[in-house]
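The structure appears below as structure tokens.
The values are calculated or read from the model by the stated rules, or taken from the named source; none is laboratory data. Since this is a predicted model, take the numbers as computed values, not measurements. With ideal geometry, Cβ positions are generated from the backbone for all residues, glycine too; neighbour counts draw on all protein chains shown.
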Amino acid sequence: MSSFAVKQLFVNLLLAPIIITLTTNTPTSSAMNLFENYSLSTVEIIQNNGYEVEVHNVITADGYILELHRIPKSKGGQEPTRNHPLFIHHGILGTSADWVLAGAAMSLPMQLANAGYDVWLANCRGNTYSRKHISMTYKQKAFWNFSLHEVGKYDLPASIDYILATTNTSQLHYIGYSMGSCVFFIMGSERPEYQPKIRSQISLAPVAFLANTRSSLRFMAPYAKMLNIVYQRMWKGMFMPQSNMQKFLASTICRERITQRMICEKCIIFSVCGSDPYHFDTKLIPLIMGHFPAGTSANLAAHFAQFILKDTFGQYDYGRAMNLRHYNSTEPPTYDLKSIRVPITLIYGENDILADTIDVMKLKAQLPMVMDAFPAKSPYFNHVDFLWSTSVVEQINNPVKEILQKTDDLSWTYTGPAATSTAVDAVVPVVRQPPIQILQLNPLSGAVNLAPSLEFFAENLDAIIASTMPVPVDERDAAVFEMEREQQRLLFGGVIRFAQAAEKKYGQLREEFTNEISGWADDVATGAETRVKQTAVLVNGKIAFAGHSVAGAVGKAEHFVVGGVGKAEQTVAVGIGKAQNYVSYGLNKADRAVNGALNATVGRVGRVLWFWK
């Protein structure tokens with residue numbers, strides 16, 4: 001069984017009692033249709049609301065394949081009547097579904113389609129709909145090697161070019177929510193050639209600077225670097241993708257009233273985005289949790305954490321050594337907001353603890369062409385109310401329509417901020433900085449010590465919760481928010497106490513396990529030492545025996561060689577003697593033959609001489 005299967009089995013066993021208990025009260029006909037209302041795609045949601053929808057694929061310069069969703073006509077089937085198409089971008093961990101899951105009565109894109117606009121919905125790289133590449137799969141680590149920088153530098157330009165080419169226009173309107181505004185500012189800074197292609201830009205809950213955020217994400221930011229390492233090693237850099245387990249929990253835990261309010265609303269939504277018991281549509285929570293989060297890269301999430309910790313709007317920080325390699329500087333460059341020559345409107349929430357008003361004003365001060373900057377009408381409007389508030393039509397959709405109505409006119413040109421705009425002479429207030437407790441990490445063992453962080457949260461819980469609450473406008477609201485504060489205090493206090501108990505138990509188990517391992521290691525070492533000594537004695541005996549054997553063999557060899565040499569010498573001597581005898585015999589015989597020949601010759605000469613005589 002693979003490690004992933006083991007993890008899945010463990011999670012299923014752990015959650016089984018909870019799920020069984022909750023589903024007994026969940027009005028569903030069978031387990032088979034449990035996901036029915038939570039698994040619809042963006043296309044299906046739009047179609048179910050009576051609109052035509054198209055799916056388009058766009059390839060970026062670095063090979064990512066993005067899926068755009070287009071609403072080309074009104075609900076009645078009328079063709080667009082406006083002069084410029086409209087491009088709308090979601091927030092972090094979101095998809096195009098975020099804009100439409102609340103239905104036509106609340107959906108900004110559907111209402112703008114009815115107003116005559118050709119509406120295009122973005123899906124940035126890495127989310128549920130844009131998890132493809134021309135040469136990689138999302139299972140490869142390299143696929144997830146991107147941050148906000150790449151989304152702004154590559155995704156937006158590719159999508160804008162495609163939309164303009166498809167609609168045969170030269171400009172479009174851009175609406176960005178949260179991260180959608182952030183990546184637009186990155187594109188405006190890094191790809192200035194795209195500024196003339198933007199007719200107007202509207203930032204909803206704009207995000208660039210985050211040093212003053214009061215969101216619970218502020219207290220997670222110091223952990224981001226460590227968590228990024230974990231996600232890189234365990235999930236290849238993929239961060240919080242959409243899953244069937246998520247949809248199952250959305251249809252159970254986030255559907256039950258008690259767990260919905262205590263876990264899904266207060267723990268997840270209000271602690272991150274701001275408390276708003278008046279306007280947030282809690283009925284949407286199961287549907288929201290069925291689509292969100294939809295995945296991104298760990299680097300992108302870490303990039304946001306860097307905005308919080310460094311109080312800058314800059315490129316991704318790889319660390320001093322890697323920054324030298326990427327940027328030829330130990331610090332990453334900052335984005336040049338002052339160079340963005342695009343008419344921009346900023347709409348923010350006074351109770352948005354993620355995109356705090358102070359940071360929005362700091363952003364506004366650096367943008368040279370701000371048309372307007374104003375808050376939603378309700379003082380309790382939070383970060384997610386821009387999408388899912390019961391009053392979103394009045395607070396957001398209608399003002400957006402009015403802005404587009406003006407800027408879409410072909411005769412309109414930017415002449416400066418509106419006369420009644422809060423963007424005129426806006427002053428950045430004094431910065432308020434909730435403290436951040438840095439996670440303690442043992443540099444030798446790499447062990448994480450959570451105890452100091454948990455103690456910090458326990459001691460400062462009241463102040464932290466109070467910093468996230470809006471200022472009530474009357475006594476009735478004060479009573480409502482005091483009750484909300486008390487509920488969060490009880491909830492998070494219980495979570496902290498549980499975490500402290502778990503940390504303490506973990507420490508005890510870790511110590512016991514360490515002691516057990518140490519004892520086992522000592523036993524192993526002692527046994528190994530004894531075994532080594534026994535082996536040494538045995539080896540020494542073997543060596544001695546081998547030495548005797550070798551000495552005997554060498555002696556025998558020497559004796560054999562000496563005997564052989566002696567025999568060889570005798571054989572050679574005999575051979576030489578025989579050879580000498582043979583040579584002497586041959587010479588003697590030759591001498592006799594020569595002498596005989598001479599004697600014979602002399603005799604013949606004597607006879608010849610006698611004859612002549």
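Miscellaneous remarks
- Flag for D161 being under 26 Å from W99 (Cβ atoms) and surrounded by fewer than 22 Cβ atoms within 10 Å (Cβ to Cβ): yes
- Yes/no for N123 being under 27 Å from F209 (Cβ atoms), polar (S, T, N, Q) and either more than 14 Å from the chain's Cα centre (by Cα) or surrounded by 24 or more Cβ atoms within 10 Å (Cβ to Cβ) (or both): yes
A quick yes/no check of all residues on (1) within 22 Å of Q306 (Cα to Cα); (2) of a type in the set (S, T, N, Q); (3) surrounded by 23 or more Cβ atoms within 10 Å (Cβ to Cβ):
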| residue | (1), (2), (3) |
| --- | --- |
| G188 | yes, no, yes |
| P192 | no, no, no |
| P206 | yes, no, yes |
| T213 | yes, yes, yes |
| R218 | yes, no, yes |
| I229 | yes, no, no |
| W235 | yes, no, no |
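- Subset of the stretch 379-408 [of a type outside the set (A, V, I, L, M, F, W, C), buried (at least 23 other Cβ atoms within 10 Å of the Cβ) and assigned to a helix (DSSP H, G or I)]: D385
- When D317, D359, D352 are checked against the criterion of being buried (at least 18 other Cβ atoms within 10 Å of the Cβ), of a type outside the set (A, V, I, L, M, F, W, C), more than 25 Å from the chain's Cα centre (by Cα) and assigned to a loop (DSSP other than H, G, I, E, B), a single residue qualifies: D352.
- Test for G76: is it at pLDDT below 95, closer than 18 Å to E54 by Cβ and surrounded by fewer than 22 Cβ atoms within 10 Å (Cβ to Cβ): yes
- When restricted to residues that are part of a loop (DSSP other than H, G, I, E, B) and either in contact with a helix residue (DSSP H, G or I) (Cβ under 9 Å, 6 or more places away or on another chain) or in contact (Cβ under 8 Å) with a residue 12 or more places away in the chain (or both), the stretch 320-336 contains 7.
- Within the stretch 172-221, the set of residues being of a type in the set (D, E) and without any contact (Cβ under 8 Å) to a residue 60 or more places away in the chain comprises E193 only.
- Count - residues of the stretch 70-85 that are in contact with a helix residue (DSSP H, G or I) (Cβ under 6 Å, 6 or more places away or on another chain) and either farther than 26 Å from E402 by Cβ or in contact (Cβ under 8 Å) with a residue 60 or more places away in the chain (or both): 1
- Of all residues making up the stretch 80-104, the number that are small (G, A, S) and closer than 17 Å to R131 by Cα: 4
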